[in-house]
1. Could you list, in sequence order, the residues of the range 208-251 that are more than 15 Å from residue 62 (Cβ to Cβ), of a type in the set (A, V, I, L, M, F, W, C) and touching a Gly at 6+ places or on another chain (Cβ under 7 Å)?
2. Return only the number of the condition from (1) under 21 Å from residue 336 (Cα atoms); (2) hydrophobic (A, V, I, L, M, F, W, C); (3) in contact (Cβ under 8 Å) with a residue 40 or more places away in the chain that residue 172 does not satisfy.
3. Does residue 189 fit the bill of being within 22 Å of the chain's Cα centre (by Cα), aromatic (Phe, Trp, Tyr) and not assigned by TED's automatic domain parsing to the domain that holds residue 335?
4. When the residues of the range 329-359 are narrowed to those that are under 25 Å from the mean Cα position of the chain (by Cα) and polar (S, T, N, Q), which ends up surrounded by the fewest Cβ atoms within 10 Å (Cβ to Cβ)?
5. Identify, from the list 31, 70, 58, 107, the residue that is surrounded by fewer than 24 Cβ atoms within 10 Å (Cβ to Cβ) and at pLDDT below 95.
6. Considering only residues that are without any contact (Cβ under 8 Å) to a residue 12 or more places away in the chain and within 25 Å of residue 168 (Cβ to Cβ), look in the range 215-251 and name the one that is surrounded by the fewest Cβ atoms within 10 Å (Cβ to Cβ).
7. Kindly indicate whether residue 257 is crowded, with 23+ Cβ neighbours inside 10 Å and touching a helix residue (DSSP H, G or I) at 6+ places or on another chain (Cβ under 7 Å).
8. Only one of these is closer than 23 Å to residue 172 by Cα, among the hydroxyl-bearing types (Ser, Thr, Tyr) and assigned to a strand (DSSP E or B): 307, 370. Name it.
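The values are calculated or read from the model by the stated rules, or taken from the named source; none is laboratory data. Only a predicted model underlies this, so the values are computations on that prediction, with no experimental measurement involved. With ideal geometry, Cβ positions are generated from the backbone for all residues, glycine too; neighbour counts draw on all protein chains shown.
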Amino acid sequence: MDNSYIYLSTPNIKGNEIQYVTDALEKEWVSTGGAYIDRFEKEIADYLNVDTAVACQSGTAGLHLALLLSGVTPDDLVIVPTLTFIAAVNPVKYLGAAPVFMDCDDSLCMDMDKLQCFCETECELRDEKLIHIKTQKHVKAAIVVHVFGNMADMEKAVMIADKYHLVLIEDATEALGSHYNEGPFARKYAGTIGDIGVYSFNGNKIITTGGGGMMVTKDPVLSQRARYLSTQAKDDAINFIHGDVGYNYRMTNLQAAVGVAQLEKIDDFIAVKKANHQHYQEGIRTLDGLQLLPFNKAIEPNYWFYSLYIEDLEKYSKEAIIETLFENNIQTRPIWGLIHEQKPYQKDIAFDIEKAKDYHRRIVNLPCSSNLTVGDVDRILEVLNKSIW
């Protein structure tokens with residue numbers, strides 16, 4: 001058996017990346033200006049069927065900008081999931097606001113029924129503002145994360161946001177390319193349904209620029225404001241006149257050059273990841289006590305991450321699975337530690353967290369790179385099948 005190391009999620013650099021980066025270098029446009037930034041923004045907007053997109057330094061920077069554009073202040077609350085990467089929540093603290101943690105449903109995304117229950121039972125509407133009764137703080141916004149390329153129940157999320165006057169921010173950092181294929185949002189991509197959407201191009205994402213992110217919104221005024229704030233709020237670039245506190249959040253031209261090449265291949269990447277997901281499913285179906293979590297039936301996902309779910313905790317443990325695969329040169333990882341249990345967030349509000357705790361005990365992420373071969377998947381399945389637990 002081939003014993004080369006299989007990583008969890010690696011970039012796939014097999015297109016025009018070197019050509020475009022070399023072009024940017026030869027033209028000496030390497031920093032936060034250049035034709036590839038404009039091109040990447042336009043091509044992402046075209047891909048998502050939106051009017052404009054704003055390239056930024058990272059998905060985290062995009063979420064920070066989204067909260068700034070939403071008018072979040074230190075006196076506000078922002079609803080967030082507990083089952084997500086911590087970068088989805090930290091920007092709330094950047095602004096001095098406080099998070100309210102929500103449970104997940106079986107998609108691993110935010111439980112909209114519990115969100116509705118929180119709004120109905122823990123809050124009240126006053127002058128078109130949702131006020132948390134216990135703290136008397138304004139619940140200003142909700143960040144809904146599309147976990148592992150799955151999509152949250154956006155029909156219900158939009159209904160709740162409209163009813164309770166919440167700014168709806170979609171963290172689509174893991175879900176570029178995922179879209180609904182039925183219902184009222186058919187053919188709508190993750191990140192384009194709420195008020196503001198944010199994407200990430202970190203090295204492990206479906207497409208990468210090494211770092212970098214993108215923000216989209218339906219409101220052209222907000223897009224213009226985001227671009228202004230992300231470039232140090234320059235009113236007069238020649239005389240260094242600044243009208244607000246700005247940020248160094250602009251993507252570089254070199255990153256954008258990589259992004260343009262990556263976007264050209266996104267359909268190929270998704271096709272490979274879909275085929276590998278199906279191959280995993282067929283193999284894991286024969287293993288008693290384990291299953292591969294499915295994606296929502298109403299969507300066409302990007303198949304970003306694959307979640308091995310442990311049904312039988314007496315037979316398997318996530319620690320044993322991770323250790324066994326590691327001993328066979330296969331990288332895996334558990335799902336994130338729940339954020340409401342992390343040291344910086346233990347004093348914040350957590351509303352009826354149940355299902356997220358169970359999934360935290362039972363999920364292991366399997367290798368899912370877009371350059372993963374059928375032979376790699378077979379090797380991983382063989383280790384899972386032959387190991388004595």
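1. Residue satisfying the conditions is 233 alone.
2. Of everything listed in (1) under 21 Å from residue 336 (Cα atoms); (2) hydrophobic (A, V, I, L, M, F, W, C); (3) in contact (Cβ under 8 Å) with a residue 40 or more places away in the chain, residue 172 misses just condition (3).
3. yes
4. 346
5. On the way: 70 fails: at pLDDT below 95; 58 fails: at pLDDT below 95; 107 fails: at pLDDT below 95.
One residue alone meets the criteria, 31.
6. Among them, the one singled out is 221.
7. Against the criterion (crowded, with 23+ Cβ neighbours inside 10 Å and touching a helix residue (DSSP H, G or I) at 6+ places or on another chain (Cβ under 7 Å)), residue 257 qualifies.
8. Working: 370 fails: assigned to a strand (DSSP E or B).
So the residue among 307, 370 that is closer than 23 Å to residue 172 by Cα, among the hydroxyl-bearing types (Ser, Thr, Tyr) and assigned to a strand (DSSP E or B) is 307.
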